[in-house]
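Single-structure report; data block below.
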Amino acid sequence: MNFKSHIYWKLVYPLVNLSDKLKGLDFLSVVNAEESGLDPNVSYNSSPSSSRFLKEVFSDFNLSPNSSIIDIGCGKGSAMRTMLKYPFVKVDGIEFSSHVANIAVHNFKRLRANRSQVFMGDATKFDGYDAYNFVYFFNPFSAVVMVEVMERLVQSVRRSDRELVIIYMNPTCDEVIVNTQVFRKAGIYCRKGNWLTVYSNRDYNHSTLSANARMHRIDEHPQMESDLKTYLQNSI
């Protein structure tokens, strides 16, 4: 851990967490799968995304006035809170754990966030994906579940023709997405141990991602792909 990260986790994080609690918010505390009532073999802990990293990533996107995003496995909504700083017309989330989803619902009611909604349910059965052109994952579940969710997303773009961009933090199920042969990995973002991959169902030259200036394109940075694979192997 570098010095800045040490300062953040020792000083900044506790202060931000305390500030949230004083406002009646709970975005940052981690809830493990068992506490959420989930099977730890297929669902992972509910933990906050790195807001600093996400801000860097979303600032690089050329968002249209009708851009909308859904966070699949949104947890308490920490990533959604960051997304609301950007001009998405809609920032929604879906969470399987009723316990965690209720916390997220409470958070956004307290924030009076009128552009967001939290759906409580199973992402593999959710039938509302046609309403979005961006999807976000923060490594919410195992490959077994990801296969079924990707089937839903493939069905969605076939039913409602549009570009659908997938943004995936800590992409442990990278191969599941690529193996759909519908979504292609366009690029990688990396910052101080955080890895995030971006996929689209459009060819790069016809994708909104072609405007992303800070994204490491796969075809131009093959070493990044190799480094990502090494990272994923070491994180298992």
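The values are calculated or read from the model by the stated rules, or taken from the named source; none is laboratory data. Keep in mind the model is a prediction, meaning the values are calculated, not measured. When we count neighbours, we look across all protein chains shown, and the Cβ atoms used for this are built from the backbone with ideal geometry, even at glycine.
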task = Please find, among ALA104, ALA79, the residue that is of a type outside the set (S, T, N, Q), in contact with a Lys or Arg (Cβ under 6 Å, 6 or more places away or on another chain) and assigned to a helix (DSSP H, G or I).
result = ALA104
request  = Answer yes if at least one residue in segment 67-90 is buried (at least 17 other Cβ atoms within 10 Å of the Cβ), under 12 Å from the mean Cα position of the chain (by Cα) and hydroxyl-bearing (Ser, Thr, Tyr), and no otherwise.
outcome  = yes
ask   = For segment 152-164, does any single residue satisfy the condition of being surrounded by 14 or more Cβ atoms within 10 Å (Cβ to Cβ) and of a type in the set (Gly, Ala, Ser)?
value = yes
ask   = Any chance segment 190-199 includes a residue that's exposed (fewer than 15 other Cβ atoms within 10 Å of the Cβ), under 30 Å from GLY121 (Cβ atoms) and touching a residue at least 24 places away in the same chain (Cβ under 8 Å)?
value = no
query = Of everything in segment 97-128 that's buried (at least 21 other Cβ atoms within 10 Å of the Cβ) and without any contact (Cβ under 8 Å) to a residue 60 or more places away in the chain, which residue is nearest to CYS173 (Cα to Cα)?
reply = ALA123
inquiry  = If the requirement is being at pLDDT below 95 and over 17 Å from ILE94 (Cβ atoms), which of these qualifies: SER200, SER235?
reply    = SER235
query = Could we say that ALA123 is of a type in the set (A, V, I, L, M), in contact with a helix residue (DSSP H, G or I) (Cβ under 6 Å, 6 or more places away or on another chain), over 23 Å from ALA213 (Cα atoms) and at pLDDT 95 or above here?
reply = yes
